[in-house]
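The values are calculated or read from the model by the stated rules, or taken from the named source; none is laboratory data. What you see is a predicted model; the values in this text were computed from it and never measured. We place every Cβ from the backbone using ideal geometry, glycine too, and count neighbours over all the protein chains shown. Side chains are part of the model used for accessible areas, which takes the heavy atoms of the whole protein and leaves out ligands, DNA and RNA. Shrake-Rupley method; radii C 1.70, N 1.55, O 1.52, S 1.80 Å.
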Amino acid sequence: MASVHESLYFNPMLTNGVVHANVFGVRDWVTPHKMALLVLLSELGRAGSQLGLLERRRLNRLLLPLLQGPDMALSRLRKAIEECCPHLAGSVHIRLKLMAEGELKDMEQFFDDLSDSFSGTEPEVHKTSVVGLFLRHMILAYNKLSFSQVYKLYTELQQYFQKDEKKDGADENDMELTNPEELDGKMEKEELDGPLREEEIACSGPLSQKQAEYFLSQQASLLKNDETKALAPASLQKELNNLLKFNPDFAEAHYLSYLNSLRVQDVFSSTHSLLHYFDRLILTGAESKSNGDEGYGRSLRYAALNLAALHCRFGHYQQAELALQEAIRIAQESNDHVCLQHCLSWLYILEQKIFDSCVLLEHSVNKSLHFGLPYLASLGIQSLVQQRAFAGKAANKLMDALKDSDLLHWKHSLSELIDISIAQKTAIWRLYGRRYFSCTSTMALQQAQTLLSMNSLEAVNVGVQQNNTESFAVVLCHLAELHAEQLWMLFDQKIQFERAMNDGRYHVADSLVAGITALNSIEGVYRKAIVLKAQNQMSEAHKLLQKLLIHCQKIKNTEMVIRVLLSIAELYWRSSCHTIALPVLLQALALAREYSLQYLASETVLNLAFSQLILGIPEQALNILHMAIEPVLAHGAVLDKGCAMFLVAKCQVASAASYTPQKKIEALESAILNLNEAKTYFAKVDCKEQLRDVLYFQARLFHTLGKTQERNKCAMLFRQLHQELPAHGVPLINAFK
């Protein structure tokens with residue numbers, strides 16, 4: 001059953017995956033990387049209509065992460081531009097080279113020319129656009145620089161460009177000293193590393209406000225939706241420490257550090273970062289600015305609430321209860337109903353560890369609805385459904401309750417709770433399926449696949465699959481269990497089918513076909529044809545096998561094609577069309593050898609030997625049998641081993657007709673020994689029909705050899721089986737199995 005425990009954490013930093021950061025004292029400034037971006041924008045404006053639509057579209061998609069992201073090496077920036085427009089990358093490099101190798105006045109002139117982008121009746125850039133705002137911020141930041149700061153920026157630009165030149169020179173030397181094979185391997189490794197290596201993302205210096213906001217929102221969103229794509233815990237903590245080094249009062253960085261510590265189950269670091277987050281909110285007055293004088297108390301009560309949630313996560317229930325009591329006390333003093341409802345939800349979680357607190361949960365749901373808190377109300381409904389499912393309440397009432405909660409989810413776009421609701425439905429169908437054995441496994445499978453195929457509804461993650469949630473993991477577990485059960489059920493049905501066929505209880509086998517078809521339609525149709533064949537309904541079996549053959553050839557199910565061909569050949573034998581069966585068997589043998597299906601090839605050869613026996617050439621059949629029987633006896637099923645030995649005995653008896661009397665007696669005695677071995681195999685699988693045929697054959701051979709006592713014994717056993725399993729009018733010789 002899906003748990004709603006994790007969803008009750010109050011996260012003041014995340015709203016639809018966006019981190020609301022306020023980097024106090026950090027503003028936009030000009031860096032060599034941003035100057036390279038300004039050159040790119042300038043060259044993009046100059047290119048105008050010379051750029052193709054596809055190239056311009058690629059560049060536009062590239063610009064936003066470049067403007068928002070941290071600074072990067074010039075070589076990496078050039079590579080990103082080259083992937084979109086190689087010609088423009090060359091122009092940017094030349095323009096930067098002229099500026100870096102020129103004089104200081106060249107950089108001054110460059111910034112003066114940037115203002116022209118906004119002039120004219122149809123300016124190249126609109127002032128309020130993303131690019132326009134970036135240009136205005138950079139121009140303003142540059143104009144505020146003193147002369148010494150301008151000179152320092154120019155020096156940094158030269159170093160930025162020279163570092164790229166040195167790297168290119170080193171790469172050229174490596175290319176001259178490296179053989180082509182090693183160079184190809186190096187290039188392939190660089191391509192496989194991908195564009196988002198951690199060493200490239202690392203912040204070399206203080207970030208601007210927008211860069212810090214972008215970095216935190218990106219990492220927070222990845223931690224919530226797909227943790228594998230976020231920076232590794234150690235790397236992320238290093239970046240956060242770098243941010244906090246330049247601005248220790250950056251509250252949201254402390255909160256992301258708290259989330260990062262939770263990833264590695266670090267109790268001390270997570271507690272430390274959480275307390276620092278709320279301390280910084282109080283010290284900087286951020287809460288007071290947004291919430292008036294009440295902000296100070298709000299930070300304290302939510303600090304206590306989050307501390308209770310943290311202790312509860314790590315199983316420290318006594319400490320969690322103390323922190324929760326503190327949060328309730330402060331919330332009651334401030335008359336904060338929202339905080340009290342959060343506290344009530346956590347109180348339910350803590351108390352359900354001790355006793356059934358259904359009444360408390362119902363009260364929480366009613367209060368949450370009263371105060372317009374759909375998130376908490378829905379979580380309460382989910383918990384009630386879970387609790388009542390374990391209590392054995394009617395499934396239809398539980399589904400109605402989940403339907404009501406779904407209305408809240410879709411109305412307020414609560415994507416995380418939509419996921420939890422679907423996971424709950426999957427769990428309920430699985431739970432009630434174990435009780436009532438209805439079609440619930442199909443419904444559970446449908447619900448699980450619905451969640452796995454859903455995309456995020458969040459504004460910052462539209463179209464992104466969320467595969468880092470508890471609901472996702474729960475559904476995957478249910479799906480794995482469903483597949484395992486269906487696999488087991490299929491084989492169980494097939495085993496029961498084989499036993500019924502071996503016992504000659506064709507009506508029982510026919511009743512099992514429906515169950516096999518529900519789990520595997522192709523296998524079900526094949527088994528139905530086998531039953532019809534055993535019941536001597538040849539025309540119906542042939543029509544069914546022909547349709548199945550066409551379908552399996554279309555979907556390239558080679559194994560089933562061969563099995564169908566073997567069954568069709570058997571139909572031809574039973575209909576005395578022996579010559580027509582040979583091309584069918586040769587087709588099956590060609591397919592089995594082409595696809596290296598050794599066992600099916602051996603089975604096909606046994607069928608060919610049986611065909612030759614029917615056509616009156618038993619000596620040739622014996623020669624073929626000696627080639628094919630070894631794999632069957634070594635690796636085959638017990639029933640197949642018995643059928644193979646039975647066929648060998650039949651061929652020996654048929655071949656003995658042309659032998660001398662003495663040699664004929666030896667051949668018949670050898671056939672009896674093979675029949676004894678076949679009888680042993682058939683007895684192991686309780687195949688009464690085949691046992692009856694072997695006993696009949698042995699009785700005839702003992703009669704020929706004049707062994708009356710052995711003949712009478714076999715005849716008596718045959719009569720017992722024959723009375724239990726009456727014949728169906730099929731001659732003994734017209735079936736291989």
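Annotations
- Scan of segment 550-573 for residues that are touching a helix residue (DSSP H, G or I) at 6+ places or on another chain (Cβ under 8 Å) and open to solvent by 20 Å² or more (accessible area, probe 1.4 Å), ordered by number: His551, Gln553, Asn557, Thr558, Glu559, Arg563, Glu570, Tyr572
- Filtered residue count, segment 570-584, keeping only those that are assigned to a helix (DSSP H, G or I) and either in contact with a Pro (Cβ under 6 Å, 6 or more places away or on another chain) or under 13 Å from Leu615 (Cβ atoms) (or both): 7
- Test: residue in segment 496-516 that is within 19 Å of Phe610 (Cβ to Cβ), of a type in the set (Val, Ile, Thr) and open to solvent by less than 50 Å² (accessible area, probe 1.4 Å): no
- Test: residue in segment 123-137 that is at pLDDT below 85, more than 47 Å from the chain's Cα centre (by Cα) and either farther than 23 Å from Ala73 by Cα or exposed (fewer than 13 other Cβ atoms within 10 Å of the Cβ) (or both): yes
- Here Asp171 clears all of (1) closer than 18 Å to Arg76 by Cβ; (2) modelled with pLDDT of 85 or more except the condition numbered (2).
- Any hit, segment 36-53, residues being under 30 Å from Pro248 (Cβ atoms), at pLDDT 85 or above and not polar (S, T, N, Q): yes
- When residues of segment 574-607 are limited to those that are polar (S, T, N, Q) and surrounded by fewer than 17 Cβ atoms within 10 Å (Cβ to Cβ), the one modelled with the highest pLDDT: Gln587
- Where helices (runs of 4 or more DSSP H) fall entirely within segment 237-300, those with at least 3 residues that are modelled with pLDDT of 85 or more are at 251-263, 267-284.
- Candidate set from segment 608-617 (those that are open to solvent by 10 Å² or more (accessible area, probe 1.4 Å) and on the phi < 0 side of the Ramachandran plot); member that is farthest from the chain's Cα centre (by Cα): Ile617
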